[in-house]
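Student: Here it is: the structure, laid out below.
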Number of protein chains: 2
Amino acid sequence: MIDQNTICAISTSPGKGAVAMIRLSGNEAIPIAEKIFKPLKKGKTLKSEKSNTTHYGGIVDKNGNLIDDVIIALFHAPHSYTGENIIEITCHGSQFIQQSILQLLVNCGARLARPGEFTQRAFLNGKMDLSQAEAVADLIAASSKAAHTVALKQMKGGISDEIISLRKKLLDFTSLVELELDFGEEDVEFADRDALNKLISTILQLVTRLTDSFLYGNAIKNGIPVAIVGDTNVGKSTLLNLLLQEDRAIVSEIAGTTRDTIEDVMIIDGIQFRFIDTAGIRATTDTIESIGIKRAYKKIEQADIVLVMLDASVQLNETIKFMTYLSGHLTDKFAAIVINKIDIADKKTLNELTELGNSTGFPTLLISAGKQRNIDELNQFLVSSAHKFQGSDSDVVLTNLRHYEAFLKAREALLRIRDGLQNNISGDFLSQDIRECLHYLGEITGEISTDEVLGNIFKNFCIGK
Amino acid sequence: MIDQNTICAISTSPGKGAVAMIRLSGNEAIPIAEKIFKPLKKGKTLKSEKSNTTHYGGIVDKNGNLIDDVIIALFHAPHSYTGENIIEITCHGSQFIQQSILQLLVNCGARLARPGEFTQRAFLNGKMDLSQAEAVADLIAASSKAAHTVALKQMKGGISDEIISLRKKLLDFTSLVELELDFGEEDVEFADRDALNKLISTILQLVTRLTDSFLYGNAIKNGIPVAIVGDTNVGKSTLLNLLLQEDRAIVSEIAGTTRDTIEDVMIIDGIQFRFIDTAGIRATTDTIESIGIKRAYKKIEQADIVLVMLDASVQLNETIKFMTYLSGHLTDKFAAIVINKIDIADKKTLNELTELGNSTGFPTLLISAGKQRNIDELNQFLVSSAHKFQGSDSDVVLTNLRHYEAFLKAREALLRIRDGLQNNISGDFLSQDIRECLHYLGEITGEISTDEVLGNIFKNFCIGK
């Protein structure tokens, strides 16, 4: 499945830096590097050097002109990232030098690597399974601690080991069930139905836990969606600006690398929150079905956390109407009633609003976005909601849509197997369902894969990885 | 002069990449790395490993949580870039990981490196002289082949060796001249005046050649300034767009890394050209001192290469007037008369214009910017002018303003010494001039340097180099 070409790419971030690294992998990596590398020590050859050593020298073109002084690191197959021979060239970080060296490598017989091709080779050479390979891209893209932790766990084999082991057990059962079929009418039973039932329950439990975790996993990866709903005058944008500014430095650092706009993302305590559609809504019309309210509902639907913002300085009637409209749409959400402008509200209104807030059963927070009062409490609410949403911290979390879909399909097959066992279904139907389950579990770890699936996975990688 | 801190920095280009490299240099580099590195092989320690080896393992925080899988490269003093112990950590290229590892290193006792501090230490530890250190920054900034070649030559010791050797010889003479002074009235002469005179001539020759080369060196570094002068209707912008578009891909690649705007820079045959003030001028007023003409003169003054563009489809009277205004301002320039719109001109006018062009003594090029005719010839003119301007290709070229100014001052002192020798000046005056010359030559290579000078030089480096 692996073509025999030696591939090369710039593996460090594009642009100018102090240094840059160009990676070369394949059978011909060492001979190709040898053609353009002039070691400091005369007579030294890369070929005769040990694995895991570094070598100082010059990169020269075919006319012997020096291009740069570099350090070459040498990794022998199979003890390398790809499992092939790898040469890493660390050069000065000018783009001219990077491009020149890449050009020389291509002239000497290497081919430019496709996105993710190094990792793809690592997978094909058995250095990691498919879900681990996918985690490499997630790890590089992770911009918050939570997303990083989830990706790292997956890269270190998080779900793979368990899936592979359970799948193997299931495979043993299929063999036995299929052996029974060979005996046709003899009505033998090699596969212990009780033991199989138990195994199916174990796998179902794992698969259900994992598919359940996807909602959180996806939120972790892309930011937990938070909706701030409220009338246009309640101080929503003041609050949002305040929240965002506090972490602006962190957010700015990842600008352009994770998303096109940075305005509505912030990281608190290592968790990324994403504010969805922060445009104001007006709830002052009399019809419940007004556009404003419809928009509020839609925002709430998309969110996992909802901040219902009330203005402590306005007439209570409007506020109560607004709350009436919203109530019933907040079930299954982590919501809080945020009463703003407490610095300019009269005490009576404040008390009444607090009572109204408490009556919803959701926590009520009294803040002043303008005077920056009690903002910490609000942050705490966001973080603790995220933690509750997450469940146990040590659990492996599903973040990958492809895995999620495969697990959903495996789950369907598992449910059919369970029902079949209860109804003493015939061996050939049972075998078919088990085969289907094996297929979907195998797709996740890559024990079963097609060129098309691999192509789709690796095309989203960055070049050089 | 070197503080004893161990310094760290991200050395690869900022941003997300497949991998990134963090560099650590100083006495404590290995013990600090040891604190956060968990090698794959248990019991292995970096301390006991050989120089120029690489090691696979995990970076862990103080609670033992894994941050990333990395490769560590180890370089023992003095055989490293800085001359100190160096640890290079190659991690996955997420910004979260890069920042986390940097934070861990700081927590374990390293300090964030200042811009150019690794190279500054390399200089202070005698790994390179000051002009070589400065060339490192130029090498990283170089975006054209010519600028790269010049920087690389300087980094490999281009001017240093000769300067250092000549300076040493001059130093010997000073000692002898100053010894003469000790003998006061005795009128002895230890320093051979003829030999000294010969040495001064040799140094003067070198210094003059180098200061002469600065004009070209500076142009190579920042792009050779080209002015296109001509009436607004002659097709200047059409030509410029045409020239720029041809190399737009190359130019775009270096956008943002070398200059804020890319519109007016292009690279032909590895040489960078910079088009200065390409706004149109009008030469249709009757007074020679019109604003348009003044602006044309100014543009010509700033340029090394001048393209005088004429429109073959307009009345000859205006053209002749324009040429009259310009002539006499093109001496010392590489100029060409570019006659545009040859596709729509009548033959008679074309002949007359060609004659007019030829009468200037500059090459006359007949082109059509609109129809893209004879543009190659124009490119060839630019490249060959650049080569003529450059002089011999093998010569070392001065690109650094600081070196240029020091050489100019050294040259003044050398001229005084030469005059002094001719006039049998007294030893104490001679000694003073020689000392001054020694000082300026020493400043270039860094044999003489102050913290202020060093500070000014390295503050313009990128961090991590």
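The values are calculated or read from the model by the stated rules, or taken from the named source; none is laboratory data. Not measured: the values here are computed from a predicted model. Cβ placement follows ideal geometry from the backbone for every residue including glycine, while neighbour counts extend to all protein chains displayed. Ligands, DNA and RNA are excluded from the accessible area calculation, which covers all protein heavy atoms including side chains. Shrake-Rupley method; radii C 1.70, N 1.55, O 1.52, S 1.80 Å.
Student: Among the helices (runs of 4 or more DSSP H) lying completely within segment B:371-465, list those that include at least 3 residues that are touching a strand residue (DSSP E or B) at 6+ places or on another chain (Cβ under 9 Å).
Tutor: Answer list for segment B:371-465: B:375-390.
Student: Moving to a separate point now. If you take the residues of segment B:164-182 that are over 17 Å from B:Arg411 (Cα atoms) and charged (D, E, K, R), which of them is least open to solvent (accessible area, probe 1.4 Å)?
Tutor: By that ranking, first place goes to B:Glu180.
Student: OK, next. Can you tell me which of A:Ser80, A:Ser94 is of a type in the set (Ser, Thr, Tyr) and modelled with pLDDT of 95 or more?
Tutor: A:Ser80
This table checks each residue for (1) farther than 30 Å from A:Gln120 by Cβ; (2) touching a Lys or Arg at 6+ places or on another chain (Cβ under 8 Å); (3) open to solvent by less than 20 Å² (accessible area, probe 1.4 Å).
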{"residue": "A:Gly357", "(1), (2), (3)": "yes, no, yes"}
{"residue": "A:Asn374", "(1), (2), (3)": "yes, no, no"}
{"residue": "A:Arg411", "(1), (2), (3)": "no, no, no"}
{"residue": "A:Leu415", "(1), (2), (3)": "yes, no, no"}
{"residue": "A:Gln422", "(1), (2), (3)": "yes, no, no"}
{"residue": "A:Gln432", "(1), (2), (3)": "yes, no, no"}
{"residue": "A:Leu438", "(1), (2), (3)": "no, yes, yes"}
{"residue": "A:Asp451", "(1), (2), (3)": "no, no, no"}
{"residue": "A:Lys465", "(1), (2), (3)": "no, no, yes"}
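Student: In addition: Within segment B:219-245, which residues are open to solvent by 60 Å² or more (accessible area, probe 1.4 Å) and touching a residue at least 24 places away in the same chain (Cβ under 8 Å)?
Tutor: Passing the criteria: B:Lys221, B:Asn222, B:Thr232, B:Asn233, B:Ser237, B:Thr238.
Student: What's the total number of residues in segment A:298-323 that are closer than 14 Å to A:Leu353 by Cβ and part of a helix (DSSP H, G or I)?
Tutor: 8
Student: Could you check how many residues of segment B:305-348 are in contact with a strand residue (DSSP E or B) (Cβ under 7 Å, 6 or more places away or on another chain), charged (D, E, K, R) and surrounded by fewer than 21 Cβ atoms within 10 Å (Cβ to Cβ)?
Tutor: Count: 2.
Student: Can I ask one more? Test B:Arg121 against the stated conditions and say whether it is surrounded by fewer than 17 Cβ atoms within 10 Å (Cβ to Cβ) and among the basic types (Lys, Arg).
Tutor: When the stated conditions are applied, B:Arg121 does not pass them.
Student: For segment B:114-127, which positions are within 11 Å of another protein chain (Cβ to nearest Cβ) and within 23 Å of B:Gly217 (Cβ to Cβ)?
Tutor: Those that are within 11 Å of another protein chain (Cβ to nearest Cβ) and within 23 Å of B:Gly217 (Cβ to Cβ): B:Gly116, B:Thr119.
Student: Going through A:Ala122, A:Ala147 one at a time, which residue ends up being outside the structural domain of A:Asn65 (by TED's automatic domain parsing), touching a residue at least 40 places away in the same chain (Cβ under 8 Å) and outside any loop (DSSP other than H, G, I, E, B)?
Tutor: A:Ala147
Student: Same structure, new question: Out of all the residues in segment B:17-53, which are in a loop (DSSP other than H, G, I, E, B) and surrounded by fewer than 23 Cβ atoms within 10 Å (Cβ to Cβ)?
Tutor: B:Asn27, B:Glu28, B:Leu40, B:Lys41, B:Lys42, B:Gly43, B:Lys44, B:Thr45, B:Glu49, B:Lys50, B:Ser51, B:Asn52
Student: For segment A:54-113, enumerate the residues that are open to solvent by less than 10 Å² (accessible area, probe 1.4 Å), within 8 Å of chain B (Cβ to nearest Cβ) and in a helix (DSSP H, G or I).
Tutor: A:Ile97
Student: Is at least one residue of segment A:131-147 open to solvent by 40 Å² or more (accessible area, probe 1.4 Å), out of contact with any Pro (no Cβ under 7 Å at 6 or more places or on another chain) and within 13 Å of chain B (Cβ to nearest Cβ)?
Tutor: Among the residues of segment A:131-147, at least one is open to solvent by 40 Å² or more (accessible area, probe 1.4 Å), out of contact with any Pro (no Cβ under 7 Å at 6 or more places or on another chain) and within 13 Å of chain B (Cβ to nearest Cβ), which makes the answer yes.
Student: Would you confirm, using the coordinates I've provided, whether A:Ile163 is of a type in the set (Val, Ile, Thr), within 14 Å of another protein chain (Cβ to nearest Cβ) and either under 29 Å from A:His387 (Cα atoms) or touching a Phe, Trp or Tyr at 6+ places or on another chain (Cβ under 9 Å) (or both)?
Tutor: no
Student: Could you tell me whether any residue of segment B:22-41 is at the interface with chain A (Cβ under 8 Å from one of its Cβ atoms) and closer than 19 Å to A:Tyr81 by Cβ?
Tutor: Checked against the condition, which is being at the interface with chain A (Cβ under 8 Å from one of its Cβ atoms) and closer than 19 Å to A:Tyr81 by Cβ, segment B:22-41 yields no hits at all.
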